[in-house]
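Have a look at the structure below, then the notes.
The values are calculated or read from the model by the stated rules, or taken from the named source; none is laboratory data. Because the structure is a prediction, the values reported are computed rather than measured. Heads up, the Cβs are rebuilt from the backbone with ideal geometry, glycines too, and the neighbour counts pull from every protein chain shown.
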Amino acid sequence: MKPIQFFLLALILFAITRVVQKYRQRAIQLLEFLIWLVVWAGATFVIVFPDSTNFVAALLGVWRGADLVLYTSLLVLFYLIFRIHLALDRVEQEITAIVQGIALHQAEGRRSGTAAASARKEN
């Protein structure tokens with residue numbers, strides 16, 4: 001094995017320990033935990049057997065295995081960025097709705113407080 005493989009495997013081991021830790025803390029659900037384990041297991045396989053990507057690349061009509069890994073990585077990253085964008089939009093809409101609700105509640109409180117104060121002055 002080459003030194004880069006040891007380095008990459010150490011990073012993957014660190015990532016797996018983080019995934020396990022997040023699962024134990026209930027920060028991620030079982031399905032997400034399993035998906036990440038499969039991702040890191042696949043990355044481990046590719047690091048230990050780098051020529052396997054050449055075989056898959058040839059089946060798919062890509063010139064080199066490294067190109068296949070790069071194309072796949074870019075697609076996955078773009079998809080994840082899209083998902084993050086959707087989640088941020090949803091959070092922004094929820095925050096807007098909450099702020100509007102609070103503002104309406106405070107405005108009603110001021111109106112009822114003003115009406116009660118003017119009623120007391122009249123009596």
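Selection of region 10-47 for residues being hydrophobic (A, V, I, L, M, F, W, C), more than 18 Å from Ser73 (Cβ to Cβ) and either in contact with a Lys or Arg (Cβ under 8 Å, 6 or more places away or on another chain) or assigned to a helix (DSSP H, G or I) (or both) yields Ala10, Leu13, Phe14, Ile16, Val19, Val20, Ile28, Leu30, Leu31, Phe33, Leu34, Leu37. Selection of first residues in region 31-44 that are farther than 20 Å from Leu70 by Cα and of second residues that are among the polar types (S, T, N, Q) and in a helix (DSSP H, G or I), restricted to Cβ pairs under 8 Å at least 6 apart or on distinct chains, gives an empty result. One residue alone among Val56, Val76, Val69 is touching a residue at least 12 places away in the same chain (Cβ under 8 Å), closer than 20 Å to Leu11 by Cβ and either charged (D, E, K, R) or not in a loop (DSSP other than H, G, I, E, B) (or both), and that residue is Val69. Report whether or not Val99 is in a helix (DSSP H, G or I), in the same structural domain as Met1 (by TED's automatic domain parsing) and free of Cβ contacts under 8 Å to residues at least 24 places away in the same chain. Considered against the rule, which asks whether it is in a helix (DSSP H, G or I), in the same structural domain as Met1 (by TED's automatic domain parsing) and free of Cβ contacts under 8 Å to residues at least 24 places away in the same chain, Val99 comes out as no.
When residues in region 30-49 are screened for being within 16 Å of the chain's Cα centre (by Cα) and surrounded by 11 or more Cβ atoms within 10 Å (Cβ to Cβ), 8 of them pass. Given the condition closer than 24 Å to Ile47 by Cβ, at pLDDT below 95 and basic (Lys, Arg), answer yes or no: does some residue in region 106-118 qualify? No - not one qualifying residue is present in region 106-118.
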